1. Tell me which residues, restricted to segment B:237-251, are among the aliphatic types (A, V, I, L, M) and either touching a residue at least 40 places away in the same chain (Cβ under 8 Å) or within 24 Å of B:VAL296 (Cα to Cα) (or both).
2. For A:LEU61, indicate whether it is under 26 Å from A:GLU146 (Cα atoms) and at pLDDT 95 or above.
3. Applying the selection to segment A:153-169, what residues are in a loop (DSSP other than H, G, I, E, B) and hydroxyl-bearing (Ser, Thr, Tyr)?
4. Residue by residue through segment A:218-240, note down the ones that are part of a loop (DSSP other than H, G, I, E, B), crowded, with 16+ Cβ neighbours inside 10 Å and not aromatic (Phe, Trp, Tyr).
5. Consider A:GLY190 carefully, then state whether it is in a strand (DSSP E or B) and either over 25 Å from A:MET47 (Cβ atoms) or in the same structural domain as A:THR129 (by TED's automatic domain parsing) (or both).
6. In segment B:5-47, how many are of a type in the set (Val, Ile, Thr) and either away from chain A (no Cβ under 14 Å) or out of contact with any helix residue (DSSP H, G or I) (no Cβ under 9 Å at 6 or more places or on another chain) (or both)?
7. Among the candidates A:THR118, A:THR53, which residue alone is of a type in the set (Val, Ile, Thr), modelled with pLDDT of 95 or more and outside the structural domain of A:LYS162 (by TED's automatic domain parsing)?
8. Do we find a residue being surrounded by 17 or more Cβ atoms within 10 Å (Cβ to Cβ), in a loop (DSSP other than H, G, I, E, B), more than 14 Å from every other protein chain (Cβ to nearest Cβ) and at pLDDT 90 or above anywhere in segment A:92-105?
Amino acid sequence: MYPLISPLGDRAVRMTFGDRLTEKANDSVQAAYSRLDHAELEYISEMVPGYVTLTVYYDPLKAPAYNKMLHQLKNAAKAGQPLESDFSQKRHLILPVYYGGNKGPDLEEVARWNSLETEEVIKRHTGATYRVYMMGFAPGFPYLGELDETLATPRRKTPRKKVPSGSVGIAGPQTGVYSVDSPGGWQIIGHTPVRLFDAGKEEPVLIKAGDLISFKSVNEQEYEDIFHECEKGIYRPSIE
Amino acid sequence: MIPLIKIEEPGLHTTIQDTGRYGMQQYGVVPSGPMDPFAFRIANLLAGNAPDDAAIEITMVGPSVRFLENCVIAITGANLSPTLDGRKVPVWGSLYVKKGQELQFGKPKHGVRAYLAIAGGIHTQKVLQSRATYTKAELGGLKGQPLETGDELPGLTLPDTELSKRKGKLLSEKLRPYYQSHHMVRVIPDEQESYFTKEALQTFYTHSFKVTPQSDRMGYRLQGQKIGHKQEAEILSEAVAFGSIQVPADGAPIILMADRQTTGGYPKIGTIITHDLWKVAQLMPGHTLSFQRSSVEEGHLWHEYETNLLKKLSVSIQQK
């Protein structure tokens, strides 16, 4: 049955590899990405992996007839050897976070929704290791998986007009970090002083799809210290 | 490279754009580029430039611009009553300007976004391979921000013989888009329309929606009858496109524009065909939109038509 394929306007199609967030579905997305990348179809302009989807942007003037193209993409996504994902090789980054207060205005809402103390929310949020499923939404923004299901909280009904970069949030079963100032509907529970995106750097994006991420709770003083080290460009997040 | 123009007054939201920053959406970097790609390309064509050269996007209230060298400029898109040293100049045409002259804009007559191209293009530093300004992440343009008073934009000085070849081009009246206060745009339905009730889909394709003041280069928030979801109003986040229409839980559609987020978590009712994007880009708050069901095939036909038109124009502009 999978992949399903359907249009996203007249210059992109979405290939779907599952209807639930699973590592297996995301593995299929990564495998299809690498197969299509190797197929070197000249009409593909870029590809964006999602949790369970791979969106393929194409140039309609270079592509064959639409139905033929769909057929070709489906075949290319399935053909050849997938690249095995090797989790023992993954990079594991630890991001320091100040939870609650005005840095995490929705911490109490997340606690209330899940009938937990705020300390327990912090404990469970820092207790997990998160897989980077995809990047998107804003430059350098990682979508992380496997949020403790007892922390899942729906997005805010009306998105905020501005969420500051470094904000750590929860949306449904997902958690993540805002990499730039942006409007958004995530429940904000804390803030990391570490910059995930810096266009001036040789490698502008800190986190890549495939990394592992953990959060560490820091107090106000530690937060301030790390903040100033980041400003000077001398802070490096610890990597395990 | 020398400074060609100086910004005396910045206007409301004046940015440098090229055709966009492509290939980095998988890292969350949106292409940006012009809101009205058609008017942008015509501006470059009329100035004798390559279609992907950088030019200036002007929003509603135009800037005052001083020319530091003799050059040729072209203005397209919205009619914001441009004048050169107080004398009216044409929109959809190119003209010769002398060192020291000042270009100003007045009352917006039709449309919202105008484009100002300078012969030879604008040569600010590329960031991640593009000059397009993306203010949210402070990329491109000058310091990633809209232009400010005192900013000087570098470009090429072209010999007078070259400039005289490029001046005085005019786009024929019948090819100029007509900017109205209501536009119908064509939408390719998304498979996620299954998230919406039958009544909601009926409403979406039969009613008008108003552009709210919360509309900018990132997206247009619409106001109108509520577009209701069957149950879930969230999806697993995935990539979106220029013109995708997503509907959050409050039932008010959002059209994603040039500075959109690369991915989104709200169900999409559909995506506007590429050829109709200019219609949205030229609407101002209070104006209205309605939607008509279309297809991928129709989108492709119109995209091909537009591409061929631009090719023909390019040839005829160079020959004249």
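1. Scanning segment B:237-251 gives B:ALA239, B:VAL240, B:ALA241, B:ILE245, B:VAL247.
2. No, not satisfied.
3. Answer for segment A:153-169, where residues must be in a loop (DSSP other than H, G, I, E, B) and hydroxyl-bearing (Ser, Thr, Tyr): A:THR158, A:SER165.
4. Matches in segment A:218-240: A:VAL218, A:PRO237.
5. Answer is yes for this residue.
6. 6
7. Exactly one residue qualifies, and that residue is A:THR53.
8. Yes, because at least one residue in segment A:92-105 is surrounded by 17 or more Cβ atoms within 10 Å (Cβ to Cβ), in a loop (DSSP other than H, G, I, E, B), more than 14 Å from every other protein chain (Cβ to nearest Cβ) and at pLDDT 90 or above.
The values are calculated or read from the model by the stated rules, or taken from the named source; none is laboratory data. Keep in mind that this is a model prediction, so the values were computed, not measured. Cβ sites come from the backbone with ideal geometry, for glycine too, and all protein chains shown count toward neighbours.
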